[in-house]
Amino acid sequence: MISTVESGGAKVVVSHAGGFTPFTVRVDQAPFDDVRVRQAFRLIANRPQMDAVVFEGHGTLGNDIFSPYDPEYDRSIPQRHQDINKAKSLLAAAGREGLTVELVTSDIAQGTIAVAQVFAQQASAANVTVNLRQVTVTEFYGSNYLKWSFAQDYWYYSSYLPQVGQATLPGSPFNETHFDNARYNTLYREAVATLDQAKQADIVHEMQQIDWTEGGYIIPYFPPVIDGHGAKVQGVVPSETGLSLNSYGFRSMWLD
């Protein structure tokens, strides 16, 4: 893809952006109301393989926690890797061996359908059948949006606490996973109420540990933003937001 653009004389800027295209599971509905099933599905994902197939390896490995550029992002949390045997064991303990689920996918962002197909293939190794249901973007974001049991979504980059406010609290406007963890909710209130940065970081780290252990997102990677532009265009710089051309920063660009 990139080589094709460059071979035509154009230039390419690859941004290691912080936007994300998660798999989303409703934690209030079976089978995902069992944390062991959620953990198993996260262990099914071969993240490097997903990135390689969908983005030729240009994405950034994800660890099921959003906002990777936030200064309070806890990088001490172990990176999750594919572990099919452990996934099988967790499913067996949950009484969900040979599980069959439907994954709703749509062309809502670059790579979403392709990574859904890859996940379905990977899941078969754990004796999980993932049936893909591809819908139009209009239907995906229609009356059933925020109601899908197992689906995907697309978010531009936000810092951690603003993203929590949008997505992972019971009162969040886009709580697609229906996450409602009493300890997590209390921690959020404490985090936004304190002016002590060190204390806030400790609180956020505990929240991120809950995200990693109990949350409803599978974030296998952070997709790159790949921008092609003419050889005479100057001033194109990488973006962290997930928006192309550094959030369409045309004011900083010029023709040489």
For the chain, longest principal axis from Cα atoms; helix 35-44 axis from its Cα atoms; angle between them, nearest 10 degrees, is 40
One computes Rg over Rh for the range 118-239 from alpha-carbon atoms, with the Kirkwood Rh, and obtains 1.05
Between residue 103 and residues 5 or more places away or on another chain, the pairs with built amide H atoms under 5 Å apart involve 131, 132, 133
Inter-part gap, Cα centre of the range 134-151 to Cα centre of the range 52-127, in whole angstrom, is 19
Between the Cα axis of helix 112-123 and the main Cα principal axis of the chain, the angle (0 to 90°, nearest 10) is 40
Filtering trypsin sites (Lys or Arg not before Pro) in the range 14-62 by DSSP loop and by at most 16 other Cβ atoms within 10 Å leaves none
If each K or R counts +1 and each D or E counts -1, the residues other than residue 126 whose Cβ falls under 12 Å of its Cβ total +2
Helix 84-93: inclination vs the chain longest Cα principal axis, degrees, rounded to 10, gives 30
Exposed GluC sites (Glu not before Pro) being those in a DSSP loop with at most 14 other Cβ atoms within 10 Å, the longest stretch of the chain free of them is 98-256
Once both label points are put 7 Å beyond Cα along the C-beta direction, the residue 93-residue 143 separation in nm becomes 4.1
Exposure proxy check on 172, 76: fewest-to-most Cβ neighbours within 10 Å is 76, 172
Note to self, the chain gives a 222 nm [θ] from helices alone (DSSP H runs n ≥ 4, -39500 (n - 2.57) apiece, / all residues, nearest 500) of -10500 deg cm²/dmol
The range 1-151 -> Rg/Rh from Cα coords, Kirkwood Rh, value 0.99
Highest GNM mean-square fluctuation among 181, 131, 144, for the chain with Cα springs under 10 Å, belongs to 144
Residues whose modelled amide H sits under 5 Å from the amide H of residue 152, counting only those 5 or more places away in sequence or on another chain, are 24
Phi angles of the range 196-202, converted by Karplus (6.51 cos²θ - 1.76 cosθ + 1.60, θ = phi - 60°) into ³J(HN,Hα) in whole Hz with x for Gly and Pro, give 7, 5, 5, 5, 4, 4, 4
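Coordinate-derived values only; no laboratory data. The structure displayed is predicted, hence computed values, not measured ones. Glycine gets a Cβ as well: all are built from the backbone with ideal geometry, and neighbour counts include every protein chain shown.
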